[in-house]
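All remarks here apply to the structure that follows.
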Amino acid sequence: MNAPASTATPARTRTDSRAQRLAARVDAATPAHRDRAIDGLRALALLAVPLGHWMLGGFRLDADGLHNASPLSTFEVFAPLSWVLQMLGIFFLVGGYASVLSYHRRPSTTAAWLRGRLVRLGRPVLGVTAVWAVLLAALSWLGVPGDTLRTGSTLVIQPLWFVGVYTVVTALTPLCVRLARKLGGWAALPLLGSVAMVDFLRYGPLAEGMPSWLSVLNILPGWLFAYQLGVSWGEGRIGKRGARLLLVGGGILFAVLLLAFHYPASMVGVPGEVRTNSHPPSLLVVALAAAQSGAAILLRDRLGRLLRRPLLWAPVVVVNLSAMTILCWHQSAMLAAAVPASLLNGGTAAVAGLTTGPDTVGWVLARIVWLPVFAGLLVLIARYTRRFDAPWKAGTRAANARRALAGLLAAGFAVFALGLA
């Protein structure tokens with residue numbers, strides 16, 4: 001005899017129903033003109049940043065404290081993983097596309113538009129660096145080793161270079177728009193040529209006579225390349241044909257640089273390696289950005305249709321609303337687990353996947369287990385730090401004093417993190 005069907009609603013069904021209702025409300029509140037594909041690409045690039053840092057960065061613990069390490073030093077086979085997780089090309093592409101649309105909708109002067117965008121970028125950076133200035137003092141008072149503090153400050157400031165570069169390229173938006181209108185997608189070609197010339201000088205037959213600072217010349221054109229492509233795309237000057245050229249041309253250039261010119265395979269820096277592709281960007285990074293940009297443009301319509309589904313769209317909205325929080329605080333989430341673990345038993349107890357060296361398969365498996373812990377810590381931190389994204393109070397004497405104090409603390413943290421003190 002069959003048992004009677006239960007009339008009680010399972011907890012999982014109730015949870016699914018609440019999620020569907022919430023997603024439906026988010027979907028209904030989304031303006032019809034919102035380009036969901038652009039937001040989806042931005043969310044994908046955003047999530048790749050913490051995932052890349054959490055999986056491709058690790059620590060070594062010794063008597064002096066925590067030190068940075070990377071599994072790529074041992075597992076070179078993981079280098080292709082960095083090709084997938086290095087999605088800054090997509091981020092700059094989408095940034096250029098969104099900026100040109102915002103630029104055309106600016107309600108007043110170009111200067112006011114730029115000021116508003118730059119302030120929105122600067123507030124979260126000022127917040128995280130000011131908070132960490134206080135944390136460094138507190139952790140030092142609690143007896144955390146100096147090497148651990150320097151390692152932590154280096155990791156915190158590491159993603160912030162991106163915000164600095166993004167600020168500069170954003171300020172160049174009016175120029176990028178003019179170039180896009182004149183040259184279309186080809187406006188990015190001189191930037192690629194500039195990076196190629198610098199790479200030839202620093203890696204070619206004349207390399208021994210070149211100054212060490214030469215590589216710095218790649219920072220602006222290397223990242224402006226994808227941003228200029230995004231501006232040209234936003235101006236309607238890159239279509240499917242141009243996207244295919246970017247995808248195929250970028251892919252071919254990437255393969256040639258890797259196989260014929262022996263560029264390092266990793267897209268991120270590896271401790272102990274003389275050459276790096278990312279700091280500053282090499283021609284290999286630009287080739288990858290070209291291929292990624294072509295693929296993104298070609299997939300734009302399909303992704304937009306996919307994100308018409310409320311349950312897929314709602315997480316994209318959440319990630320985009322938390323963009324600067326994710327960028328500024330994801331390393332703090334990992335440190336929130338690693339620093340206390342490094343102090344266990346007086347710093348003599350190593351925790352697998354956290355404070356053990358990233359040189360075994362066991363570390364890789366343990367680090368994968370730690371990923372949801374880092375994500376949970378980031379969500380918890382975000383509950384209290386998202387206030388830095390919102391406009392800060394100004395005008396009163398107390399508000400001005402708080403802003404001045406935050407600036408002073410941020411400057412102190414920067415001096416410590418950059419090794420100037």
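The values are calculated or read from the model by the stated rules, or taken from the named source; none is laboratory data. In this text the structure is predicted, and so the values were computed from the model without any measurement. When we count neighbours, we look across all protein chains shown, and the Cβ atoms used for this are built from the backbone with ideal geometry, even at glycine. When the accessible area is computed, the model is the full protein with side chains, heavy atoms only, and any ligands, DNA or RNA have been set aside. Shrake-Rupley method; radii C 1.70, N 1.55, O 1.52, S 1.80 Å.
What the table below lists for this structure:
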item: Qualifying residue in the stretch 118-132 (condition: open to solvent by 60 Å² or more (accessible area, probe 1.4 Å), modelled with pLDDT under 95 and either closer than 30 Å to R181 by Cβ or not in a helix (DSSP H, G or I) (or both)); result: yes
item: Selection from the stretch 298-326 of residues that are open to solvent by less than 10 Å² (accessible area, probe 1.4 Å) and within 20 Å of the chain's Cα centre (by Cα); result: T325
item: Matching residues, the stretch 96-143, being farther than 30 Å from L405 by Cβ and β-branched (V, I, T); result: V100, T109, T110
item: Those residues of the stretch 355-376 which are under 11 Å from W54 (Cβ atoms) and surrounded by 12 or more Cβ atoms within 10 Å (Cβ to Cβ), in sequence order; result: R367, I368, W370, L371, V373, F374, A375
item: Positions within the stretch 95-108 being more than 15 Å from A188 (Cβ to Cβ) and among the aliphatic types (A, V, I, L, M), in sequence order; result: A98, L101
item: Qualifying helices (runs of 4 or more DSSP H) (wholly inside the stretch 28-117; at least 2 residues being within 30 Å of V361 (Cβ to Cβ) and open to solvent by 30 Å² or more (accessible area, probe 1.4 Å)); result: 36-56, 79-85
item: From the options V198, V256, residue that is without any contact (Cβ under 8 Å) to a residue 24 or more places away in the chain, over 14 Å from G89 (Cβ atoms) and touching a helix residue (DSSP H, G or I) at 6+ places or on another chain (Cβ under 6 Å); result: V198
item: Any chance V128 is in contact (Cβ under 8 Å) with a residue 60 or more places away in the chain and either closer than 26 Å to L408 by Cα or among the polar types (S, T, N, Q) (or both); result: yes
item: Output for the stretch 344-354, where each listed residue is over 16 Å from H53 (Cα atoms) and buried (at least 16 other Cβ atoms within 10 Å of the Cβ); result: G347, A350, V351
item: Tabulated pairs, the stretch 398-421, first free of Cβ contacts under 8 Å to residues at least 24 places away in the same chain and within 13 Å of V156 (Cα to Cα), second of a type in the set (G, A, S) and part of a helix (DSSP H, G or I), C-beta under 7 angstrom, 6+ apart or interchain; result: none
item: Check on V195, within 13 Å of P281 (Cα to Cα) and loosely packed, with under 14 Cβ neighbours inside 10 Å; result: no
item: Residue selected from the stretch 263-287 under the condition open to solvent by 20 Å² or more (accessible area, probe 1.4 Å) and under 16 Å from the mean Cα position of the chain (by Cα), by the criterion modelled with the highest pLDDT; result: V268
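Okay, residues lined up against (1) modelled with pLDDT of 95 or more; (2) of a type in the set (A, V, I, L, M, F, W, C); (3) in contact with a His (Cβ under 6 Å, 6 or more places away or on another chain); (4) closer than 29 Å to V125 by Cα:
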| position | (1), (2), (3), (4) |
| --- | --- |
| L183 | yes, yes, no, no |
| A196 | yes, yes, no, no |
| L214 | no, yes, no, yes |
| G222 | yes, no, no, yes |
| A226 | yes, yes, no, yes |
